[in-house]
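To start, the structure under review is shown below, and the notes come after it.
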Amino acid sequence: MENNKALTSKAYVSKNGTYLSTTDELDPDTLRAFINDNQSRSNKYQQNYQLYSGDHEILRELADPKSARPDNRLVSNWANYIVDTYIGYFMGKPVKISLDNDSTNEQLQDWFNDNSFQDKLTEVAKQVAVYGRSYMLAYQDEESNTRIAIVEPSEGFMVYDTTINHNPLAFVRYNYFNNQLSGEVYTSSQVIQFDNDMQAINTNGHLFKAVPAVEFFSSTERLSLVGKVQTLVDEYDSAFSRKANQVDYFDQAYLKILGVPLERDKETGEPILDLGANKVLYSPNADAANGVVDFINKPDGDNMQENMLNRLKDDIFQTAMVANLNDDAFSGNSSGVAIRYKLLPMQNQAAVEERKFTIALRNLLGSVLSMGRVIGTADAGQIRKDLKFQFVRNIPLDIANEAQAASTMNGIVSKETQLSTLSFVDDPKAEIKRMQDEQAEQMKQALKFAPSATDQVKGADDNGEEEPKQ
């Protein structure tokens, strides 16, 4: 395990920050080592959250009490902007998760609605963007209903085995209250509650037949959007604040008095005029034939500062691989093709994250649905195969161009393929069925009101049955 850091003889941390255990059961020493290491990571998670929420480092820097210069602390919350923009693009439209069987699919959708699953999935995606990872945990409530909870990485973690597949061994959820630790370890068959001494105080079985939790991440390296731009955002805050300080400082111009004697205090010998408070530079012995009283011109470094700020802003969006929707170059062209090219880096990033999310959702829902309490008796392996996922990017639709492109495909490809090119058609098969039903209804109405129609046809209702005579 050359790429893994040893916490104990049984506990390791991989180079991408995942926890590995050489044993199936977590003894108190191993559990304590994992929790202590995760607590040390929580400092980084807290920094990312502060950067996202606008509580930036510049606000906590110590002020110089001896300095008379302005001390503006400006926060440009680019971290919040890139996260919310990306999540709106990636999860702005609900993920469509379905089963082929209409009856079981209806039960599945009811369970999703009952658990506010789409809202929780969006929150998970946001936590992944902020922290680099997030978790979903399945559990049974007091009424034996299957529920889903979100666990932040500062309050839980997954432990994997050391095989090549890195299968989940256990999920640990914990928290501190009044400086006392408590939590649970979820294995493939049990839920083990532990106390501050890492000792088991209660053990209950569960019916999921697997670890009832999954880890979500956007990349194997568990990189977060916020973490990738942290230094750039901090430097932007610093540069912007310095610019504001200079504007304030030079806006209050200093008066220069040279070679003009001022009345002095008899005791101190200092000029009666308060030079500091009134922003005056005074020299009675200046090398000048005559006295000078005028204002000092401020240096002009505005172009250099603006170039610095623009460069930092561009680097923030390029590093995050998120489109700046307020950029003039982006908004200047509204064609569908141009927009898609500008969204390409964000689209590529979302495509990778979509595959990671699909794997996690398939594993979680396979365990949840196989219990038989959501859609009835089901095999976990078969359910994982039957589940269908459709992630829809939230982008402006160019319906006119899409319809024109689809119409040119008529007679070249199948009707299903033709309809699948339209982004506003969710289910091409269902759309074909609706088109066929409409055509059948139109033919029925045409026959019913044709001049050559028989009395029997004219008197038939919509179901083909003869209407009763009045």
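Modelled this way, with points 7 Å down the Cα-to-C-beta line, the labels at ASP110 and ILE35 are 4.1 nm from one another. The Stokes-Einstein estimate for the stretch 1-126, based on a Kirkwood radius over Cα pairs and taken at 4 °C with 1.567 mPa s viscosity, is a diffusion coefficient of 66 µm²/s.
Relative contact order for the stretch 35-182: 18 percent, from Cα pairs under 8 Å spaced at least 6 residues apart, divided by residue count.
The stretch 164-205 and the stretch 53-129 have Cα centres spaced 27 Å apart. When you count the other C-beta atoms within 10 angstrom of each residue and take the mean per peptide, 15-23, 55-63 line up highest first as 15-23, 55-63. Judged by the mean number of other Cβ atoms found within 10 Å, the most tightly packed of the peptides 4-11, 302-309 leads the ranking 4-11, 302-309. Below 18 Å, Cα to Cα, which lysines can LYS15 reach? Residues fewer than 8 away in the same chain don't count. Of all the lysines, those that pass the test against LYS15 - Cα under 18 Å, at least 8 places apart if same chain - are LYS5, LYS44, LYS228.
What FRET efficiency would be calculated for the residue pair ARG264, ALA68, taking the C-beta separation as r and a Förster radius of 22 Å, to the nearest 0.05? Efficiency, rounded to the nearest 0.05: 0.45. Between GLU402 and ASP327, the C-beta separation translates, for a Förster distance of 25 Å, into a calculated FRET efficiency of about 0.50. Once you have a ≥ b ≥ c as the square roots of the Cα gyration tensor eigenvalues for the stretch 171-250, tell me rounded if a/c is under 1.5, and otherwise prolate or oblate according to whether a/b is larger than b/c. Oblate shape, in that a/c is at least 1.5 and b/c is the bigger or equal ratio.
For the stretch 1-42, the square roots a ≥ b ≥ c of the C-alpha gyration tensor eigenvalues yield an a/c of 1.5 or more together with a/b not exceeding b/c, which makes the shape oblate. Sorting the segments 76-82, 126-132, 434-440, 136-142 by their mean number of nearby beta carbons within 10 angstrom, highest to lowest, gives 126-132, 76-82, 136-142, 434-440.
One chain, two ends: ILE164 and LYS256. Fully extended at 0.36 nm per residue, the span grows by 25.6 nm beyond their Cα-Cα distance.
Report the FRET efficiency, 1/(1 + (r/R0)^6), for SER14 and GLU142, where r is their Cβ-Cβ distance and R0 is 56 Å, rounded to 0.05. It comes to 0.90.
Averaging the Cα positions of each part gives two centres, and for the stretch 375-417 and the stretch 10-30 these lie 41 Å apart.
According to the square roots a ≥ b ≥ c of the eigenvalues of the Cα gyration tensor, what is the shape class of the stretch 135-219, taking rounded for a/c under 1.5, prolate for a/b larger than b/c otherwise, and oblate for the remainder? It comes out rounded by the Cα gyration axes. Taking amide H as placed 1.01 Å from N in the peptide plane, the amide H of ARG133 sits under 5 Å from none that are at least 5 places away or on another chain.
Does anything in the stretch 195-210 have its amide N under 20 Å from the 7 Å Cα→Cβ label point of ASP24, and if so which residues? The answer is 200, 203-210.
Here, each number is a calculation from the coordinates, and none is a lab measurement. Just so it is clear, the model here is predicted, and its values are computed rather than measured. In this analysis, Cβ positions are derived from the backbone assuming ideal geometry, glycine residues included, and neighbour counts consider all displayed protein chains.
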